[in-house]
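Step one of this worksheet: look at the structure below.
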Amino acid sequence: MPFVLENYERPEDIIIATNYEEASLMYYTKSMVIIGFIGINLTEDMKETPDIIIHRDFWPNIPYPFPALLQKAEYGKVAFPVRDYQVNNIPDLHNSTRHLYKTRTPRTEAENMTIFVRK
């Protein structure tokens, strides 16, 4: 979210497509967020051309819209030095996905958190 807030003067005017954490993106950036974790409005969402595409690889819940969205415009890849982990972080200590107490760093370039930004 800092990337959006730092790079867009009016983040409330952009469209973000993601398959995870859509509520956080909507709340903190005030941006229009499409697709989401469940993909409840795919027919309407697919009519949009997102400014930012964030596909979290661990959540293949509805992967098919993302290649189609990437074809709608020219996008540049932006990689961050954090690992694309299954959750951002959670307070649970008893779950199989545990709280990490620190940000995971990628071991390889393929593990970088990557987003696609419309040129």
statement: Any residue on another chain or 5+ positions along whose placed amide H is under 5 Å from the amide H of ARG56 is listed here as ASN19, TYR20
- prompt: Can you run phi through the Karplus equation (6.51, -1.76, 1.60; θ = phi - 60°) for segment 12-21 and list ³J(HN,Hα) in whole Hz, with x for Gly and Pro?
  reply: 5, 9, 9, 10, 10, 9, 8, 10, 7, 6
task: Would you tally the net charge around ASN41, using a Cβ to Cβ cut-off of less than 13 Å, leaving ASN41 out, and scoring K and R as +1, D and E as -1?
output: -3
- prompt: Each residue of segment 103-112 in order: what ³J(HN,Hα) in whole Hz does its phi give by Karplus 6.51 cos²θ - 1.76 cosθ + 1.60, θ = phi - 60°, with x for Gly and Pro?
  reply: 6, 6, 9, x, 8, 9, 4, 5, 8, 4
query: Within a Cβ distance under 15 Å of PRO2, other residues only, what is the Lys/Arg minus Asp/Glu net charge?
result: -2
- request: Figure the gain on full extension for ILE62 and PHE80 (residue separation times 0.36 nm, minus the Cα-Cα span) and round it to one decimal in nm.
  value: 4.2 nm
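Each value in this text was obtained by applying a stated rule to the coordinates, not by laboratory testing. The structure displayed is predicted, hence computed values, not measured ones. Note that each Cβ is placed from the backbone with ideal geometry, even for glycine, and that neighbours are counted across all protein chains shown.
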